[in-house]
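**Q** Take this structure, written in structure tokens, and hold onto it; I'll ask about it next.
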Amino acid sequence: MNSSHRHFRGITFFLTIIMHMPLIAIAQSGELLVQAQLDSFIAVTPTDPTVQISASSLGDFSGSFSFFIESNTPGVSVHAIITKLYKGTDPNDTTVKPIDVNTASGVEFSPFSANASAGSDLNATFTSTTTINKPSGLFEAHQTELVNLESSQAGVFNQDVEVTATWTIDNTARPAGVYGGYVQLFVSAIP
């Protein structure tokens, strides 16, 4: 037998054996879907912590107060608490009658880039009375209804919202000076 024929038979035999052997896996892969749950968050910051407004000697006067609302949801629900204004910002001074909130006027919400939603109105009526406990004492206050706001900012709510409240000075004579109280804005994210 010549050597090339033996060589060919040897290769044929080798290939026959290899063809009947199971193939060994050299590489494999697997995959899975990763999902991260991003919880909603909300932050509310007054633009200025103290705001001075002017008051007339009698009748109504208003003030507008700006709050920056940051949320990773397009909708938020807001309500405000407005206190009476006390001489020297001291609710314990009973010698001077506080300046009352004009509850008939409600509170006006003016968002920078949002609209009222879910049947809400940007003018919120007062629904109840409450108190705010501060180091100087208890401030009598009025609370508004909830107002739902829907942002036009692509899935988030990052904007200023102006809150306008009105107080009324009745015919009771009051000494000149600074009368102080609080405006609080409460905000909840709507997922």
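The values are calculated or read from the model by the stated rules, or taken from the named source; none is laboratory data. Since the model is a prediction, treat every value here as computed from it, not as a measurement. Cβ: placed from backbone, ideal geometry, glycine included. Neighbour counts: every protein chain shown.
**Q** Could you figure out which of (1) surrounded by 10 or more Cβ atoms within 10 Å (Cβ to Cβ); (2) modelled with pLDDT of 90 or more isn't true of Arg6?
**A** In the conditions (1) surrounded by 10 or more Cβ atoms within 10 Å (Cβ to Cβ); (2) modelled with pLDDT of 90 or more, Arg6 misses (2) alone.
**Q** Let me ask something additional. Could you list all residues from the range 164-181 that are loosely packed, with under 15 Cβ neighbours inside 10 Å and either of a type in the set (D, E, K, R) or within 23 Å of Val76 (Cβ to Cβ) (or both)?
**A** To start, the set of residues in the range 164-181 that are loosely packed, with under 15 Cβ neighbours inside 10 Å comprises 170-173, 175-178.
The answer is Asp170, and nothing else.
**Q** Do you know which of the residues in the range 101-121 that are exposed (fewer than 15 other Cβ atoms within 10 Å of the Cβ) and either at pLDDT 95 or above or among the hydrophobic types (A, V, I, L, M, F, W, C) (or both) is farthest from Ala141 (Cα to Cα)? Talk me through it step by step, then tell me what you get.
**A** Going through the range 101-121, the residues exposed (fewer than 15 other Cβ atoms within 10 Å of the Cβ) turn out to be 104, 110, 113, 115, 118-119, 121.
Filter once more, so that each one left must be either at pLDDT 95 or above or among the hydrophobic types (A, V, I, L, M, F, W, C) (or both): 104, 110, 113, 115, 118.
Details: Ala104: 14, Ser110: 21, Ser113: 29, Asn115: 27, Ala118: 27 Å.
Selected residue: Ser113.
**Q** Now for a different question. Please verify whether Phe61 is touching a residue at least 40 places away in the same chain (Cβ under 8 Å), within 25 Å of Thr164 (Cβ to Cβ) and in contact with a Leu (Cβ under 6 Å, 6 or more places away or on another chain), treating the condition exactly as stated. Break it down stepwise before answering.
**A** Working: touching a residue at least 40 places away in the same chain (Cβ under 8 Å): yes; within 25 Å of Thr164 (Cβ to Cβ): yes; in contact with a Leu (Cβ under 6 Å, 6 or more places away or on another chain): no.
Here the answer is no, as Phe61 does not meet what is asked.
**Q** Let me ask you something else. Report those strands (runs of 3 or more DSSP E) wholly inside the range 72-191 carrying at least 1 residues which are of a type in the set (Gly, Ala, Ser) and free of Cβ contacts under 8 Å to residues at least 60 places away in the same chain. Give the derivation first.
**A** On the way: elements: 75-83, 107-111, 114-117, 126-134, 137-144, 147-151, 157-169, 183-190.
Counting at least 1 such residues, we get 107-111, 114-117, 126-134, 137-144.
**Q** If you check Val51 against the conditions, is it part of a loop (DSSP other than H, G, I, E, B), of a type in the set (A, V, I, L, M, F, W, C) and either touching a Ser or Thr at 6+ places or on another chain (Cβ under 9 Å) or at pLDDT 95 or above (or both)? Break it down stepwise before answering.
**A** Details: part of a loop (DSSP other than H, G, I, E, B): yes; of a type in the set (A, V, I, L, M, F, W, C): yes; either touching a Ser or Thr at 6+ places or on another chain (Cβ under 9 Å) or at pLDDT 95 or above (or both): yes.
Criteria met by Val51.
**Q** Another question, then. Considering (1) surrounded by 15 or more Cβ atoms within 10 Å (Cβ to Cβ); (2) part of a strand (DSSP E or B), say which one Asp60 fails and leave the rest.
**A** Among (1) surrounded by 15 or more Cβ atoms within 10 Å (Cβ to Cβ); (2) part of a strand (DSSP E or B), the lone unmet condition for Asp60 is (1).
**Q** When you go through Val161, Val156 one by one, which is the residue that is within 30 Å of Leu38 (Cβ to Cβ) and either in contact with an Asp or Glu (Cβ under 9 Å, 6 or more places away or on another chain) or loosely packed, with under 14 Cβ neighbours inside 10 Å (or both)? Spell out how you get there, then give the answer.
**A** Details: Val161 fails: either in contact with an Asp or Glu (Cβ under 9 Å, 6 or more places away or on another chain) or loosely packed, with under 14 Cβ neighbours inside 10 Å (or both).
None of the others qualify; the one that does is Val156.
**Q** Moving on. Ile17 versus (1) in contact with a strand residue (DSSP E or B) (Cβ under 8 Å, 6 or more places away or on another chain); (2) of a type outside the set (Ser, Thr, Tyr); (3) at pLDDT below 95; (4) outside any loop (DSSP other than H, G, I, E, B): which is the lone unmet condition?
**A** (1)
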